[in-house]
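*Asks:* I'd like to ask you about the structure that follows.
The values are calculated or read from the model by the stated rules, or taken from the named source; none is laboratory data. These numbers come from a predicted model, not from an experiment. Every residue, glycine among them, receives a Cβ derived from its backbone with ideal geometry; neighbour counts consider all protein chains shown.
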Amino acid sequence: MTASTKRLLGRVTAPLAIIAGAVLLRVLSGVGFANYDTLYALAWGGQLSRGQTPAYDVAIAPTPHPLLEVLGVVLSPLGPRAVENMTIALGFLALSACGWVIFRLGAQWFGRAAGALAALIFLTRVPVLSYGVRAYVDLPYLLLVLGAVLVEVRRRAGVRGSAAAPVLALLALAGLLRPEAWAFSGLYWLYAIQWRPPFMRGSWPRPRFPRPARREISELTLLAAAAPLIWLLSDLLITGQPLWSLTHTRHTVATLDRTTGIANVPEYIPRRIGEILRPPVLLGAALGGALSLAWLRRRALLGAAAGVLAVVVFAGFAALGLPINTRYAFLAAAILCVFCGAGAFGWMCLQAGDRRRRWWMGAGALVLLALLAYAPAQYHAAEREFGKLARQQGIEGDLLALVDDHSINLRCGPVGVPNHAPIPLLALYLRTSPANILSAQAGHIASGVYVDPANMQVETSYVLDKNDPVAKAVSIPPGFTAVTANRSWLIFHRCTN
């Protein structure tokens, strides 16, 4: 095999593996649809493509994500169904790519076996799969941040020399999906320009790379500041308030009674991480972290620092009023998956004659046994979750069938729905503002189309949030007449024109 052939294979291996992984995940899960937050972003992107101002001020609307809205603008000419399908496909690719990057990080730090186990663990966690198959923004965000960590790892290994700009570019993209990346960008910028606190300038370690020139510092500063500036400018142009996303998120958190605040951090952040990983992985990560920091310190330090930083930033944003959601803990969980891989196979990085190798092998065998013993419970949990998601996808499919046959339309006025859950889906597929889809819980519907659940299963399965505020009992508005139905939905019309 020639050198050029090897280089070509090296370039195509990762993309092919990621695509194959995405297809496999889609087949095994059996479900795939866009979630409430993503649908809103795509609907807002559709509004932008039509020259309209996105309707951010709809009740219980999620926080805007600028990069996802740009995706909605770009895909809008393809039509609503293609927009959602492309977004779902990108979601599966992001999920698969996260597994690949975790494998590469684990392989770089603790060997290929540790990396492969870390990726397998991450891709079989029920919360990760649940959010991934619904195209949540948190998986692409995680991919960009982990990609930045991988570039820095390669930089430290001397693979590509000085790579501060690519790291900050990836974090800038991540910062257009979630604001936590702003903190990572700022801290990495300080590291890249080799800033030293005044009280430590005499004892600060000698830098590994040459100090950047003034022009390069300017470029790095622009990259580090790009995401927050774009986000603030976007909020200002659309709402007139540069801090709209922060204030709106705080309001929604209070409305839905979400857990937040620095006082809840000690209890709820470990709980959220535990919900993702479960006891055997936490045990393996603790063991791998302790052994690798004791016996493979140089390999483990960057990963440990990344994990600690992920938790600190998570806690900091909780203190600012953002919710302590499970999906916000994915970064810390991904790092812990790598250390669980180290717990099982980190001994392979020790010299063959090292006495510590035998002790670590024994501990690693216990980690593997614990993972295998817990695998059936993990499988049944995933089966239950996918069953629930399949029911939700079927209900959404029935709703879209009524859009396709024009039973749901805007000819006589707005579309009324029983709660907030269907609003972004109908706004996307009807190519209209979410403000034209009215929740009966929030107001009165005088004319147009009203969509009502056909049975109790739809009422219980298709709910946005158990804490969703209910201002009043919901019933079919007066004067509306039944016109059609399917297994999930009843359609009522009233035209006053």
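*Asks:* Does at least one position in region 37-55 carry a residue that is modelled with pLDDT under 95 and in a loop (DSSP other than H, G, I, E, B)?
*Replies:* no
*Asks:* Exactly one of these conditions fails for Ala390: (1) buried (at least 18 other Cβ atoms within 10 Å of the Cβ); (2) more than 14 Å from Val449 (Cα to Cα); (3) within 25 Å of the chain's Cα centre (by Cα). Give me its number.
*Replies:* In the conditions (1) buried (at least 18 other Cβ atoms within 10 Å of the Cβ); (2) more than 14 Å from Val449 (Cα to Cα); (3) within 25 Å of the chain's Cα centre (by Cα), Ala390 misses (1) alone.
*Asks:* When the residues of region 249-274 are filtered to those that are of a type in the set (Gly, Ala, Ser) and either within 19 Å of the chain's Cα centre (by Cα) or surrounded by 14 or more Cβ atoms within 10 Å (Cβ to Cβ) (or both), which remaining residue is modelled with the lowest pLDDT? Walk me through it before giving the result.
*Replies:* Restricting attention to region 249-274, the residues satisfying the condition of being of a type in the set (Gly, Ala, Ser) are 254, 261, 263, 274.
Then keep just the ones that are either within 19 Å of the chain's Cα centre (by Cα) or surrounded by 14 or more Cβ atoms within 10 Å (Cβ to Cβ) (or both); that gives 261, 274.
Details: Gly261: 86, Gly274: 95.
Here the residue is Gly261.
*Asks:* Can you name every one of the helices (runs of 4 or more DSSP H) wholly within region 356-462 that holds 2 or more residues which are touching a Leu at 6+ places or on another chain (Cβ under 7 Å)?
*Replies:* Passing ranges, in order: 356-404, 423-429.
*Asks:* Which number in (1) over 24 Å from the mean Cα position of the chain (by Cα); (2) aliphatic (A, V, I, L, M); (3) crowded, with 20+ Cβ neighbours inside 10 Å marks the one condition that Ala224 misses?
*Replies:* (1)
*Asks:* How about region 182-196: which of its residues are of a type in the set (A, V, I, L, M) and at pLDDT below 90?
*Replies:* Across region 182-196, the qualifying residues are Ala192, Ile193.
*Asks:* Only one of (1) under 30 Å from the mean Cα position of the chain (by Cα); (2) farther than 16 Å from Glu396 by Cα; (3) touching a residue at least 24 places away in the same chain (Cβ under 8 Å) is not met by Ile445, so which one is it?
*Replies:* (1) is the only condition that Ile445 fails.
*Asks:* Which of the residues belonging to region 400-415 are touching a Ser or Thr at 6+ places or on another chain (Cβ under 7 Å) and within 11 Å of His493 (Cβ to Cβ)?
*Replies:* Matches in region 400-415: Ser407, Cys412, Gly413.
*Asks:* Please go through (1) in contact with a helix residue (DSSP H, G or I) (Cβ under 9 Å, 6 or more places away or on another chain); (2) in a loop (DSSP other than H, G, I, E, B); (3) at pLDDT 70 or above for Arg208 and return the number of the only condition it doesn't satisfy.
*Replies:* Among (1) in contact with a helix residue (DSSP H, G or I) (Cβ under 9 Å, 6 or more places away or on another chain); (2) in a loop (DSSP other than H, G, I, E, B); (3) at pLDDT 70 or above, the lone unmet condition for Arg208 is (3).
Yes or no, residue by residue, for (1) buried (at least 17 other Cβ atoms within 10 Å of the Cβ); (2) touching a His at 6+ places or on another chain (Cβ under 9 Å); (3) modelled with pLDDT of 95 or more:
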residue: Phe317; (1), (2), (3): yes, no, no
residue: Leu322; (1), (2), (3): yes, no, no
residue: Phe339; (1), (2), (3): yes, no, yes
residue: Gly343; (1), (2), (3): yes, no, yes
residue: Met348; (1), (2), (3): yes, no, yes
residue: Ala352; (1), (2), (3): no, no, no
residue: Ala365; (1), (2), (3): no, no, yes
residue: Leu368; (1), (2), (3): no, no, yes
residue: Leu372; (1), (2), (3): no, no, yes
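*Asks:* Looking at the structure I just gave you, is Ala97 at pLDDT below 95 and surrounded by 15 or more Cβ atoms within 10 Å (Cβ to Cβ)? Steps first, please.
*Replies:* Numbers: at pLDDT below 95: no; surrounded by 15 or more Cβ atoms within 10 Å (Cβ to Cβ): yes.
It is false that Ala97 is at pLDDT below 95 and surrounded by 15 or more Cβ atoms within 10 Å (Cβ to Cβ).
*Asks:* Look through region 248-269, keep the residues that are without any contact (Cβ under 8 Å) to a residue 12 or more places away in the chain and aliphatic (A, V, I, L, M), and return whichever of them is nearest to Trp231 (Cα to Cα).
*Replies:* Ala254
*Asks:* Look at region 99-156 and say how many of its residues are assigned to a helix (DSSP H, G or I) and hydroxyl-bearing (Ser, Thr, Tyr). Steps first, answer last, please.
*Replies:* To start, the set of residues in region 99-156 that are assigned to a helix (DSSP H, G or I) comprises 99-110, 112-123, 126-133, 138-156.
Next, only the ones that are hydroxyl-bearing (Ser, Thr, Tyr) stay: 130-131, 141.
Residues flagged as assigned to a helix (DSSP H, G or I) and hydroxyl-bearing (Ser, Thr, Tyr) within region 99-156 amount to 3.
*Asks:* If you don't mind, there's one more thing I want to ask. Could you please find all residues in region 245-275 being touching a helix residue (DSSP H, G or I) at 6+ places or on another chain (Cβ under 7 Å) and under 25 Å from Ala377 (Cβ atoms)?
*Replies:* Once the filter is applied, which keeps residues that are touching a helix residue (DSSP H, G or I) at 6+ places or on another chain (Cβ under 7 Å) and under 25 Å from Ala377 (Cβ atoms), region 245-275 yields Ile269, Arg272, Ile273, Gly274, Glu275.
*Asks:* Restricting attention to region 45-61, which residues are closer than 19 Å to Pro179 by Cβ and touching a His at 6+ places or on another chain (Cβ under 9 Å)?
*Replies:* Across region 45-61, the qualifying residues are Tyr56, Ala61.
*Asks:* Right, Ser162: surrounded by 11 or more Cβ atoms within 10 Å (Cβ to Cβ), at pLDDT 95 or above and in the same structural domain as His65 (by TED's automatic domain parsing) or not?
*Replies:* no
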